[in-house]
Amino acid sequence: MIWPRDKALPGIKSMFGGLAMFLIEALIVVALVTLALVLAGVFLAVL
Amino acid sequence: MLIRPVGEDFRVIGFYLGRIFLVVAAAGGLPLIWAGLAAEWHPFGSFLLMIGIFATLGTVGVRLAPPEPRLDWSHGMVVVALTWLIVPVIGAVPLLLSGHFVKPLDAFFDAFSGLTTTGLSLLSDVDHLASSLNFWRHLLQFLGGQGIILAALSLFAGTGGITLYFGEARDERILPSVTSTARFIWAVSVAHLAFGVVALGLVGWLVLGFDMHRAVFHGLMIFFAGFDTGGFSPQSTSVGYYHSGIFEAVTAVLMVAGAMSFGLHYALWRGPRRAVFANLETRTILSTVGFTLGLTLLGLAATQVFTSVTGLTRQGAFQVISAHTGTGFSTVPSVELASWGGLAFGGMAIAMALGGMGSSTAGGVKSLRIGLTVKAVINQIRQVLLPEHAVVGTAYHQSGRKHLTPALIQSVMIISLLYVALYLLGAGIGLAYGIPLQDALFESVSASANVGLSVGVTDPSMPVVLELVYMLQMWAGRLEFVAVFSLVGFLYSWVRGQ
């Protein structure tokens, strides 16, 4: 009943996939901060 | 005609509640060990008491089991609604005995806020709270964010799991079975736990100059609250305590990860990664984050709250990401946040109200519903403008190609309207207590969308009725109404049924 072997679960080898997931999420934050930087620059320059 | 529940129904509900309580009792062992290792003997005793209550209730519940405990849809919903009510009551025991709360209801409020991953707090002097109690508050957020039910499903495979899964406001089956899906969700969380704690710990150790023990403690607490979009913090000044741009950036990565649906995590982990950017939810949330970020930055620039580009970017982006993902971390004090009037206030309030993705740990209306609503409106306009016999496409991408059906639109509209009603309910009651409209609305949206940002209304001196309303909002908002209405219907049938 408790925790049988389940091939659908990611194994240790696929932790590189997990790392890629984390890095892509980091890239999304970098993109958002870049957008914020551009918007902040434009708004402060215009107003 | 309403059918009155019979003894068999109560035994089935008691059986499943019992299993869940046993899982929470086991989870309570972690802060117990922590308290023992840290020689915090007063919390150690209170954790023993809490575990004893959970274990006793769990054992009684499991022993109530009928010969074949078959969980139907209504049983599942009632189990979920009751779990999210009873677990914080018992989970509040160690907090209540800590002496850090003005009244018992405040301790329950904190446990409730933790489990629902809201992050509003009535705790006094969090900076001097025992480390094991701080760990328990943050672990409650982890349990709530990942789903207590999900934990139980991972351990106890059995019939009826799907109703419990859906009851906890999750609507994606990533893998063929619910048990595999539940275990994959835990695998994603453990991967983030490893990467997140290492990254935050390294920043704490190398950049902030913390010793290793302190760096790991803060990394772990911020991971729990960030990835589960909870927003509790071990310090009263939240993430502002660290005064570090890089610490805030890593925290932002965890907040974004927490607000992503587990279906997208699956695509990012195992591919195809392109599917992530074709997804309606991804496109919607990127658009709404961009919109609310622009609105907030414009408001802050216009009122000259921040005069440097870096200051405006850092504070504005962090607060908007925190609000939109439903986390509730802040790097500015509540008093300063309350002074962000006009467009900045609007941007933050809209970001909180919209929330993260479906089947994530975030709250709010959710980007899938926003995306589907926009798509339905565009289709409606196209239908009017095109010739009568023209066929308007209804396909959209969300974990594969799907079609927008009238039944789906109806369901999306109903839940979205219920969220709006919930936001207005708390705001109206806040207004009745003389709280200014802007503050009442902000705090109400924050509670209902399980965000946790505060402009100072949530305070130990707040009216008891408002405290109860915020708890109702956190409960209904977290469970997306269905389980709550099912419990009300079940109780009504018990009283009035035949």
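Among the residues of segment B:379-419 satisfying the criterion of being assigned to a helix (DSSP H, G or I), free of Cβ contacts under 8 Å to residues at least 40 places away in the same chain and of a type in the set (A, V, I, L, M), which is farthest from B:TRP475 (Cα to Cα)?
Checked segment B:379-419; the qualifying residue farthest from B:TRP475 (Cα to Cα) is B:LEU385.
Name the residues in segment B:73-92 that are without any contact (Cβ under 8 Å) to a residue 60 or more places away in the chain and in contact with a Leu (Cβ under 6 Å, 6 or more places away or on another chain), would you?
Correct list: B:PRO88 only.
Can you confirm whether segment B:467-482 contains a residue that is at pLDDT 95 or above and charged (D, E, K, R)?
yes
Rundown of residues vs (1) within 21 Å of A:GLY18 (Cα to Cα); (2) aliphatic (A, V, I, L, M), yes/no style:
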| position | (1), (2) |
| --- | --- |
| B:SER177 | no, no |
| B:SER180 | yes, no |
| B:TRP186 | yes, no |
| B:SER189 | yes, no |
| B:LEU193 | yes, yes |
| B:VAL198 | yes, yes |
| B:LEU202 | yes, yes |
| B:TRP205 | no, no |
| B:LEU208 | no, yes |
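Can you tell me which residues in segment B:454-485 are over 20 Å from B:LEU424 (Cβ atoms) and over 20 Å from the mean Cα position of the chain (by Cα)?
B:GLY456, B:ASP459, B:PRO460, B:SER461, B:VAL464
Conditions first: (1) touching a residue at least 60 places away in the same chain (Cβ under 8 Å); (2) farther than 27 Å from A:LEU39 by Cβ; (3) among the charged types (D, E, K, R). B:ARG270 passes all but one, so which condition is the exception?
Evaluating B:ARG270 over (1) touching a residue at least 60 places away in the same chain (Cβ under 8 Å); (2) farther than 27 Å from A:LEU39 by Cβ; (3) among the charged types (D, E, K, R) leaves (1) as the failure.
Which one of these is over 22 Å from the mean Cα position of the chain (by Cα), crowded, with 22+ Cβ neighbours inside 10 Å, in a helix (DSSP H, G or I) and not hydroxyl-bearing (Ser, Thr, Tyr): B:ALA376, B:ALA344?
That would be B:ALA344, the only listed residue that is over 22 Å from the mean Cα position of the chain (by Cα), crowded, with 22+ Cβ neighbours inside 10 Å, in a helix (DSSP H, G or I) and not hydroxyl-bearing (Ser, Thr, Tyr).
For the structure I just gave you, tell me whether B:GLY61 is assigned to a helix (DSSP H, G or I) and crowded, with 16+ Cβ neighbours inside 10 Å.
Yes; evaluated as a whole, the condition is true for this residue.
Does segment B:242-267 hold any residues that are more than 14 Å from every other protein chain (Cβ to nearest Cβ) and either out of contact with any helix residue (DSSP H, G or I) (no Cβ under 9 Å at 6 or more places or on another chain) or over 17 Å from B:GLY209 (Cα atoms) (or both), and which are they?
Scanning segment B:242-267 gives a single hit, B:HIS243.
Among (1) more than 15 Å from B:GLY231 (Cβ to Cβ); (2) surrounded by fewer than 24 Cβ atoms within 10 Å (Cβ to Cβ); (3) of a type outside the set (Ser, Thr, Tyr), where does B:LEU122 come up short?
Condition not satisfied by B:LEU122: (1).
Do we have B:TRP84 as among the aromatic types (Phe, Trp, Tyr), at pLDDT 90 or above and in the same structural domain as B:SER132 (by TED's automatic domain parsing) here?
Against the criterion (among the aromatic types (Phe, Trp, Tyr), at pLDDT 90 or above and in the same structural domain as B:SER132 (by TED's automatic domain parsing)), B:TRP84 qualifies.
Looking at B:ARG70, is it touching a residue at least 60 places away in the same chain (Cβ under 8 Å) and surrounded by 22 or more Cβ atoms within 10 Å (Cβ to Cβ)?
Criteria not met by B:ARG70.
The values are calculated or read from the model by the stated rules, or taken from the named source; none is laboratory data. Note that this is a predicted model, so its numbers are computed, not measured. Here Cβ is always computed from backbone atoms with ideal geometry, including for glycine, and neighbour counts include all displayed protein chains.
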